[in-house]
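Below: the structure, in structure tokens.
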Amino acid sequence: MDLDKDAQKLVWGAAVPLQIYLDESEITTLTPPPPFLVLGPRLGYLPLLIPLLKPHFNSSLPPGVDTIWFDYKGLPLKWYIPIGVLFDLLCAEPERPWNLTVHFRGYPSEILTPCEGEDSIKWSFINSLKEAAYIINGNCKNVMNMSQSDQVELWKCVGKAALEGYCRISSKLKLGTTMEEYIARIQSSLMQPTQGISDADNVGPSRAGRIPVRLYVRCIEEDLDDLTDATAINSWDQISYLNQPIEIRNNEGTYLTLHDALKVLLPDVFMDESSIDEQMSNMLLEDVPQQYTESDSQGGELEKVSSMGNNTVAFTSDRQSPQCSPSKSRVKLIRIQGIEPRLDLPLSWVISNLLNPEFYLHICVYLEVSPSQVERR
Amino acid sequence: MESSGSWVGTITLANFNTSASTLLERWSEIYPTLPPWIWVSCSRLPCGASRKGEGYLVLENIHQFMLDEEGGGEEGKCNEEVKLHNVLLDDCGRERFCGEDDSFDHDMLVESCDQETCVFDFHIVYSSSYRVPVLYFYAYRSDGQPLGLADIEHSLPPHSLKILQEARWTYMTREEHPHLNRPWFMLHPCGTSDWMKLLFDGNLFANELIVKQYLLSWLSVVGQAIGLKIPSGILKWPK
């Protein structure tokens with residue numbers, strides 16, 4: 001194991017202590033069953049705990065067919081988001097143990113995608129891995145062509161948080177995740193002329209230098225002294241979720257930090273002087289008819305709804321829409337794998353150590369906004 | 001003009017937007033009385049974290065793929081649907097791309113209309129991971145009750161049903177809609193760039209033309225997975 005990857009071992013060993021209660025409406029016994037205590041692996045998924053939970057609660061359940069799901073303070077938890085990410089995102093101040101409720105009936109199928117046992121979770125994982133491979137390599141052949149036995153073994157290693165076995169198989173996928181490899185790709189792509197309908201600044205033949213990222217943005221009240229006072233999330237609409245690769249093309253082998261990467265993803269939040277100018281000039285280019293429902297000129301949520309009729313087709317720029325004045329939201333904190341990383345961390349270290357097994361970097365960003373905006377969201 | 005030979009079949013977000021406008025225009029020209037595709041702009045991030053202008057295409061309230069000859073009660077709509085049905089069935093132009101013979105079984109489609117009418121909403125969303133469009137759809141009964149996979153299987157064209165049975169987890173699954181935060185059916189995009197490249201293969205098109213035709217061509221293939229067919233007339237290929 002590479003010394004540079006010490007943190008990866010810690011990440012793989014990390015778990016969230018869970019205290020799981022049975023939903024009150026499903027208790028058929030006179031005395032409610034005691035909560036179930038279990039360590040939920042950060043890289044694991046909630047439904048994988050079901051074989052442990054089920055015997056504990058089985059005797060209390062009403063008759064019927066199981067459709068198992070979890071909630072935290074009334075928010076149905078998306079089973080395809082890793083446990084560690086759910087915890088980082090939904091517990092502003094880490095709560096230990098984390099009190100969750102399990103439901104065996106009444107699956108909220110309008111909110112959560114169906115989970116049909118372990119196969120659903122496995123394939124959600126494999127499909128994410130495939131997507132990550134496409135982002136990194138420009139194709140997902142290595143994942144598609146994985147042998148059946150490797151596929152089974154890889155998933156088993158993820159389920160058991162067996163890092164060594166995982167590395168052995170995942171290395172066959174050739175999804176190199178060191179900065180050296182990324183930079184080598186970027187440079188080789190810069191050598192090649194732009195081809196086809198590629199934009200010079202967008203699609204290169206090798207799609208080099210892209211990092212698979214899942215970004216979760218949550219707004220909390222500004223000036224909170226205690227994060228436990230943050231308003232709990234009661235709907236997923238309050239979380240902005242972005243499945244958007246970070247492009248790191250513009251740096252020619254220079255030392256990249258986490259801040260550089262976040263700036264690419266959220267230019268308005270992590271900006272520097274020059275990008276403000278650029279935004280202002282791009283705003284002038286925009287002429288798509290738009291309606292704004294702006295909650296507050298100080299920032300906060302803003303939804304833009306523009307309906308394009310048959311003849312009002314006007315796209316001028318994909319670079320920037322003038323959705324609000326920049327720099328009004330401040331970053332309260334950033335969490336990756338339960339860590340609040342310094343922004344000057346080398347990106348190479350982040351990638352080497354903090355990726356989830358499907359090669360995605362899950363980043364939770366808390367933005368500060370005025371309390372009225374938090375409630376409105 | 002450049003050769004499309006080295007093009008990998010993907011499209012940029014900017015070009016997706018351009019191509020979307022072509023789809024809106026052409027669709028309304030050909031089907032003036034059908035529901036139009038609508039462009040919905042949206043921001044997925046809160047203020048202060050705004051991002052480049054993103055949006056998606058929406059085609060809603062499509063009854064049984066507008067192929068329902070038997071079950072329609074609304075006169076005007078029903079006639080239009082019949083017309084569309086005939087037009088669509090005449091088109092075999094794109095079939096080589098799904099590797100099937102003429103498997104759009106007229107009887108099958110009509111038969112499926114005996115069942116309670118399904119209504120479909122279609123959304124076309126850009127995937128920045130795959131750099132291709134992705135088709136999402138939501139199916140519900142006319143009373144609004146959402147339909148699951150088992151409910152819509154009978155509405156799928158036979159070749160699509162076959163793929164679904166062979167590749168249950170990698171063809172058409174319910175996934176979180178990127179803009180709506182709730183489960184929609186999604187057609188997996190991992191092979192899209194490959195067959196889009198094939199679609200334009202051997203043709204020396206100007207980039208501008210590929211951009212314009214991209215979404216229409218894409219929809220003509222991907223729509224077949226759920227019986228939404230595009231007549232060849234909507235595609236303007238250079239002579």
Taking B:Ser160 as the residue in question, decide whether it is open to solvent by less than 10 Å² (accessible area, probe 1.4 Å), among the polar types (S, T, N, Q), modelled with pLDDT of 90 or more and in contact with a Lys or Arg (Cβ under 9 Å, 6 or more places away or on another chain). no
Considering every residue within segment A:68-79, establish whether at least one is closer than 23 Å to B:Tyr171 by Cα and not charged (D, E, K, R). yes
Any chance B:Ser129 is out of contact with any Leu (no Cβ under 9 Å at 6 or more places or on another chain), assigned to a loop (DSSP other than H, G, I, E, B) and at pLDDT 95 or above: yes
Residue in segment A:76-84 that is closer than 30 Å to A:Glu221 by Cβ and assigned to a helix (DSSP H, G or I) present: yes
Of all residues in segment B:144-180, how many are of a type in the set (S, T, N, Q), within 14 Å of another protein chain (Cβ to nearest Cβ) and under 19 Å from A:Ile126 (Cβ atoms)? 2
For segment A:55-70, does any single residue satisfy the condition of being out of contact with any Asp or Glu (no Cβ under 9 Å at 6 or more places or on another chain), within 14 Å of another protein chain (Cβ to nearest Cβ) and open to solvent by 40 Å² or more (accessible area, probe 1.4 Å)? yes
Here are some conditions: (1) open to solvent by 10 Å² or more (accessible area, probe 1.4 Å); (2) in a loop (DSSP other than H, G, I, E, B); (3) at pLDDT below 75. A:Arg342 meets all but one. Which one does it not meet? (3)
Residue satisfying all of: in segment B:1-42; among the hydroxyl-bearing types (Ser, Thr, Tyr) and at pLDDT below 75; nearest to B:Val211 (Cα to Cα) among these: B:Ser4
Within segment B:132-176, which residues are part of a strand (DSSP E or B), of a type in the set (Val, Ile, Thr) and more than 19 Å from B:Val58 (Cβ to Cβ)? B:Thr173
Name the residues in segment A:107-133 that are part of a helix (DSSP H, G or I) and in contact with a Pro (Cβ under 9 Å, 6 or more places away or on another chain), would you? A:Glu118, A:Ser120, A:Ile121, A:Phe125, A:Ser128, A:Leu129, A:Glu131, A:Ala132, A:Ala133
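The values are calculated or read from the model by the stated rules, or taken from the named source; none is laboratory data. Keep in mind the model is a prediction, meaning the values are calculated, not measured. Backbone-built Cβ (ideal geometry, glycine too); neighbour counts: all protein chains shown. In case anyone asks, the SASA skips ligands and DNA or RNA and just uses the protein heavy atoms, side chains included. Shrake-Rupley method; radii C 1.70, N 1.55, O 1.52, S 1.80 Å.
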